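Let me begin by presenting the structure, written as structure tokens, before commenting on it.
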Amino acid sequence: METTELVLETRADHVTDVTGQVAQFCRDRGDGLMHVFAPHATAGIALMETGSGSEADLDELLARLLPRDDRYRHAHGSRGHGADHLLPVLVSPSLVLPVLEGRVALGTWQRVVLVDLNAGNPRRTLRLSFCAG
């Protein structure tokens, strides 16, 4: 297994596209599996189309599912921060992707993204691991 860490500055963006970094890590590695892991209690990894309005749609969906208010028992931090800690239940903190001849086998419109609602922590780490087949 080969592994590396990425450090990301997410600013206030809820969706950060990491497809390029994942593809670069897999380049010239042959066939295998790529594991992407977000070691954070308030972030997840997903596949989605970007640049078509889907980011705003995801923001709206997550606002409905995880309202930013005082209903949460996990109540430290900013108002509604308890919602941030429920995000990984809906958006998994890890993802496994097939790699064929050094290329991540994604669908035409699929992008690998970090989803993170926690604006209070704009620095994120991702662990990329490649297992040869």
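Computed in the context of the full set of protein chains, the accessible area of the range 24-133 at 1.4 Å probe radius has 53% of its extent on carbon or sulfur. Across the range 18-26, computed HN-Hα scalar couplings (Karplus, 6.51 cos²θ - 1.76 cosθ + 1.60, θ = phi - 60°) run 10, 4, x, 5, 5, 4, 4, 5, 7 Hz from first to last residue, x flagging Gly and Pro.
Where only protein heavy atoms count, and the probe is 1.4 Å, what is the accessible area per residue for the chain in Å²? Mind dumping the intermediate values first?
Working: 7430 Å² over 133 residues.
Heavy-atom accessible area per residue stands at 56 Å².
Note that the range 34-109, at 4 °C in a medium of 1.567 mPa s, gets a Stokes-Einstein diffusion coefficient of 91 µm²/s from its Kirkwood radius over C-alpha pairs.
In the range 14-78, what GluC sites (Glu not before Pro) fall in a loop by DSSP, with at most 15 other Cβ atoms inside 10 Å?
Within the range 14-78, the qualifying GluC sites (Glu not before Pro) (loop, at most 15 other Cβ atoms within 10 Å) are 49.
All Cα-Cα separations within the range 55-98 were binned at 5 Å from zero, giving a P(r) of 5, 21, 24, 22, 16, 7, 3, 2, 0, each value a whole percent of the pairs.
When the Kirkwood radius is taken over all Cα pairs of the chain, what Stokes-Einstein diffusion coefficient follows at 10 °C and 1.306 mPa s, in µm²/s?
On the way: Rh = 15.4 Å.
Approximately 103 µm²/s, per Stokes-Einstein.
Return one number: the angle in degrees, 0 to 90 and rounded to the nearest 10, between the long axis of the Cα atoms of helix 54-65 and the longest principal axis of the Cα atoms of the chain. The helix 54-65 is inclined about 40 degrees to the chain.
Rank these residues by their accessible area, most exposed first, probe 1.4 Å: 26, 131. Intermediate values should be presented prior to the final figure.
Working: 26 0, 131 60 Å².
Largest accessible area first, the residues go 131, 26.
Each residue of the range 69-86 was assigned a 3J(HN,Hα) from its phi angle through the Karplus expression (A = 6.51, B = -1.76, C = 1.60, θ = phi - 60°), giving 9, 9, 6, 8, 5, 6, 10, 6, x, 6, 4, x, 4, x, 4, 4, 6, 8 Hz with x at Gly and Pro. Can you list which of the chymotrypsin sites (Phe, Trp or Tyr not before Pro) found in the range 33-133 are DSSP loop residues with at most 12 other C-beta atoms within 10 Å? Sparse-neighbourhood loop chymotrypsin sites (Phe, Trp or Tyr not before Pro): 109. Considering only 48, 115, 20, and ranking their Cα positions along the charge dipole of the chain that arises from unit charges at the beta-carbon of Lys, Arg, Asp and Glu, the one farthest toward the positive end is 115.
Would you compute, from DSSP H runs of 4+ residues alone, the mean residue ellipticity of the chain at 222 nm, taking -39500 (n - 2.57) per run and dividing by the full residue count, rounded to the nearest 500?
Rounded to the nearest 500, the figure is -5500 deg cm²/dmol.
Spatially, the range 54-72 and the range 1-25 are offset by 23 Å when compared through their Cα centroids.
The values are calculated or read from the model by the stated rules, or taken from the named source; none is laboratory data. What you see is a predicted model, and the numbers here were worked out from it, not measured in a lab. Using ideal geometry, Cβ is built from the backbone for each residue, glycine included, and neighbour counts are taken over all protein chains shown. We work out accessible area using only protein heavy atoms, side chains counted, and drop any ligands, DNA or RNA first. Shrake-Rupley method; radii C 1.70, N 1.55, O 1.52, S 1.80 Å.
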